[in-house]
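Only one structure is covered here, and it is reproduced in the block below.
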Amino acid sequence: MKRTQAAAMIAIAVLAAASARASAPSGKAWLEKWRAENRQWRAYHLMTPSPERIPAVKTLVADVLAPMGINVLVVEIDYNFQFASHPELECRGLNKQQARELTEVCRKHGVRLIPLFNCLGHQSWGSRTAPLLAKYPEFDETPSVPKDNKGIYCREWCPSHPEVNRIVFDLLDELVEAFDAEALHVGMDEVFLIGDKNCPRCKGKDVADLFAKVVNELHGHLVGKRGVEMLMWSDRLLDAAATGYGKWEASATGSHRAIDRVPKDIIMCDWHYELPKTYRGQAKPYPSVRYFQEKGFRVLPATWRNPEAAVALVRASREGATDKMLGILFTGWSVGPEQLAAALQAKGEGASGKTGKREDTVRGVAAAIRAGLKELQSSAPQEPREKITVASYYFGNYHPGDPRNTKMKGKDWSEWELVKAARPRFPGHQQPKVPLWGYLDESDPNVMARKIDAAADHGIDAFIFDWYYYDDGPFLDRPIDQGFLKAANNHRLKFAFMWANHDWLEIQPYKRGAPPKLLFPGKVTPATFDKICDHVIHDYFQHPSYWRIDGRPYFSYYDLTKLLESFGGVEATRAALDKFRQKARAAGLPGLHLNAVVWGQAILPGEKKPADPAKLVRDLGFDSVTSYVWIHHVPLPEQQTDYNKVRDGYFAYWDRAETMFGVPYFPNVTMGWDSSPRAHQDDPFGNFGYPFTNTISGNTPERFREALQKTKERMLSRKDGPRVLTINCWNEWTEGSYLEPDTVHGMKYLEAIREVFGQRR
């Protein structure tokens, strides 16, 4: 009878557990929702909870931290978990069920749980050596140190021992699975003994190489293999002498040189617990927060028990912040869950009635959380309802030295040659267009810096570069790689890519008489697409100025038909795009915002529009849709078609587009259209097909401003969502659509943008 009852009870328990698992949101789905709802990290670091304190942790999360706005809980676990993979370590603490319970409670209340396991350092505390080195003393970096650990801060494992990762990776895997974790904090702080002269494996080796080795191996396993994000304390990547932090909050051993040898997708938890006046020689408070962003890392500044220091850190963090600055992390060293809950719920600092060092720490941590959250809220980059992101397309063929152009047209050729050669083709035709700044080389970082300043000063948030990559490699990338990325002020403007995956034809200029010659096919092989994905993820998406929507890098596709041709069908194309997203997540990005440019009518020779673009957008899983230019949707029936007539025709398309695709549609404003500079100047001009096309006339700065104003009003009247406006174009000089100043109108088109949308930063 007892056996039957026991079996029944076990069955009920199994069913209950299965039901709980079924009802709980999956890690991936929950994380996507969390990211969409949380633009700032408001994190708390919790010291290792013992099993009997699990109820207190649940109460702390549900009743105190979550209602205050904490949305991340970093739980320090270390060896306080019942690891099944290595029972020889004899670890005690939480079991898998308790770990999952904590995760579910956190997710229920909108809190992301991230377990922490101290790697490399902190392998002892006081006289007690942690289980790994106690069981495997051969892993010890300093085996000559007495067993009572006198004379050192904490033991470390040897970064050169060939067997240590075999054990450690198993432990990390267990924590990831137990907590259903999508991120793991690997510690790595206060490593002082690395490269010890008495270690037979590490002596004489570069400390920076050793430190980078550990970081890269952890990253390869966690991010590369497991697909989770990786966080670490950042102190060993800072130079103590250069920063003024000292040897605890920065490195005096040379490990700081590893910063350029580790992946940029690691989240750096930059901890500083004292007031700025404590640190000597700092021109600005807490310079490391900006330093990590400049290096391409996401950074999560961390504070402790001083409320004034917490406020100062938040204030310093927002100065010059990019989207790499995540928020704030409050650390809870020496504070238990019950103590913190009581202190945060107390109305006065002295409400507990107790005094002493521990009590002072508890009150200090609680006060730091209150003060830091208040300051964070007051300084949060509020996205007002009327906020519209203005992104201008940028066509980069105005520089000498591109290898393909050099081979075909000579080393000094650029599209400026067509601009110079243009002439009037009919009465009232205003050609040539003459740039006010001259025929500048856009691949010069100083020239690009001038463009960046002009754009940012006149209300533009981002350049969307027309980006080219064919089967044999990139094309027209010098304005990006040599110009924008090397411009000293590129932090002022975001940048993103529209992959211009159309056929590149011999139309610069085009002489009538035969179809234009195909030079570079827009259709690429799947292998080339794979290279493209890796290239943009690792070389561009990690840049602090790369434009993101809800944290995800924006990447747009110009020609959906060519995209389909590259893979042979919808199913294979969707699989390729899904793989692109997976690669981005594996690189530590929160995903991708994939955008489709959709046309109603073709412009370039040989272009084809999809039979059902709305269905194709849904089938391929795009996140949004936009347009490149108005005449993709509105015909030009007259040689000089009135600007407002084209505008109104486009607005009619916009009304349909908003409900057609099932995803947000980003509207477009076009400055003008006149592709006659690309037509051979000796040929008679007429509406014979691109570049012999009709033009848009009457596109004065005043009418352009009116179009912007009407567009803004329409956008603000629509439902909430990402409000993005694309503009054609910053510099399509040979298509008659450009914002750059010319000798006729000066800066008036840019001034129109500023009048409607305001100066950005």
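The values are calculated or read from the model by the stated rules, or taken from the named source; none is laboratory data. Nothing here was measured: the structure is a model prediction, and the numbers come from that model. Please note: Cβ atoms are built from the backbone with ideal geometry, for glycine as well, and neighbour counts cover all protein chains shown.
Quick notes
- In region 77-94, the residues that are of a type in the set (D, E) and crowded, with 21+ Cβ neighbours inside 10 Å: D78
- Filtering region 142-158 to residues that are modelled with pLDDT under 95 and among the charged types (D, E, K, R) leaves K147, D148, K150.
- Going through (1) over 24 Å from A309 (Cβ atoms); (2) surrounded by fewer than 22 Cβ atoms within 10 Å (Cβ to Cβ) one by one, I266 falls short only on (2).
- Odd one out for R618 among (1) modelled with pLDDT under 95; (2) assigned to a loop (DSSP other than H, G, I, E, B): (2)
- Residue ID - surrounded by the fewest Cβ atoms within 10 Å (Cβ to Cβ), chosen from residues in region 374-394 that are modelled with pLDDT of 95 or more and touching a helix residue (DSSP H, G or I) at 6+ places or on another chain (Cβ under 8 Å): V390
- Residue check, Y469 within 25 Å of the chain's Cα centre (by Cα) and modelled with pLDDT of 95 or more: yes
- Looking across region 98-113, the residues that are more than 23 Å from F169 (Cβ to Cβ) and either over 32 Å from the mean Cα position of the chain (by Cα) or of a type in the set (A, V, I, L, M, F, W, C) (or both) come down to V105, C106, V111.
Let's see how each residue does on (1) modelled with pLDDT of 95 or more; (2) assigned to a loop (DSSP other than H, G, I, E, B):
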site	(1), (2)
S556	yes, no
R585	no, no
L594	yes, no
P610	no, yes
V625	yes, no
P637	yes, yes
Y653	yes, no
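Yes/no matrix, rows are residues, columns are (1) out of contact with any Gly (no Cβ under 9 Å at 6 or more places or on another chain); (2) closer than 27 Å to P613 by Cβ; (3) assigned to a loop (DSSP other than H, G, I, E, B); (4) of a type outside the set (D, E, K, R):
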residue: H502; (1), (2), (3), (4): no, yes, yes, yes
residue: Q508; (1), (2), (3), (4): yes, no, yes, yes
residue: D530; (1), (2), (3), (4): yes, yes, no, no
residue: H538; (1), (2), (3), (4): yes, no, no, yes
residue: H543; (1), (2), (3), (4): no, no, yes, yes
residue: P553; (1), (2), (3), (4): no, yes, no, yes
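- Checked against (1) surrounded by fewer than 20 Cβ atoms within 10 Å (Cβ to Cβ); (2) more than 26 Å from W416 (Cβ to Cβ); (3) of a type in the set (A, V, I, L, M, F, W, C); (4) modelled with pLDDT of 95 or more, I549 meets all criteria but (4).
- Residue in region 129-147 that is closer than 22 Å to M232 by Cα and among the acidic types (D, E) present: yes
- Note on region 187-214: residues that are surrounded by 24 or more Cβ atoms within 10 Å (Cβ to Cβ) and under 19 Å from L329 (Cβ atoms) total 1.
- The one condition from (1) in contact with an Asp or Glu (Cβ under 6 Å, 6 or more places away or on another chain); (2) of a type outside the set (D, E, K, R); (3) without any contact (Cβ under 8 Å) to a residue 24 or more places away in the chain that C199 does not meet is (3).
- Those helices (runs of 4 or more DSSP H) of region 228-345 in which 3 or more residues are within 24 Å of the chain's Cα centre (by Cα) and at pLDDT below 95 occupy 287-294, 307-318.
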